[in-house]
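Novice: Below are the structure tokens for one structure; questions will follow.
The values are calculated or read from the model by the stated rules, or taken from the named source; none is laboratory data. This is a predicted model, so every value here is computed, not measured. Cβ: placed from backbone, ideal geometry, glycine included. Neighbour counts: every protein chain shown.
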Amino acid sequence: MYYTVTPTGSLPTYLDAYGQYSHQEEKVEITPTINFDGTGGFSISNSTKFTHSYVQATLKTK
């Protein structure tokens, strides 16, 4: 990600830019089951979570 800023005469001395980035992570688990009588099976479960990052950048224009 990038930003392009073209200064003009009316800009302040500093510009602040704020942003947020979110990354999705998915986890899948497989759990087997074995019984004493020889039967069994398995179960599958998944979960999703997000990791958030907050950023700030300051640009000196003059």
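Novice: Suppose we filter the range 13-39 for residues that are without any contact (Cβ under 8 Å) to a residue 12 or more places away in the chain and surrounded by 10 or more Cβ atoms within 10 Å (Cβ to Cβ); how many remain?
Specialist: Restricting attention to the range 13-39, the residues satisfying the condition of being without any contact (Cβ under 8 Å) to a residue 12 or more places away in the chain are 32-39.
Remaining after also requiring surrounded by 10 or more Cβ atoms within 10 Å (Cβ to Cβ): 34.
Here the count works out to 1.
Novice: Can you name the residue in the range 1-44 that is assigned to a loop (DSSP other than H, G, I, E, B), over 20 Å from the mean Cα position of the chain (by Cα) and closer than 24 Å to VAL55 by Cβ and, of all such residues, is modelled with the highest pLDDT?
Specialist: Pass one, the range 1-44, residues assigned to a loop (DSSP other than H, G, I, E, B): 1-13, 35-39.
Okay, now just the ones that are also over 20 Å from the mean Cα position of the chain (by Cα), so 4-13, 35-39.
Of the ones still in play, those that are also closer than 24 Å to VAL55 by Cβ are 4-7, 11-13.
On the way: THR4: 65, VAL5: 63, THR6: 64, PRO7: 62, LEU11: 62, PRO12: 67, THR13: 76.
The extreme case among them is THR13.
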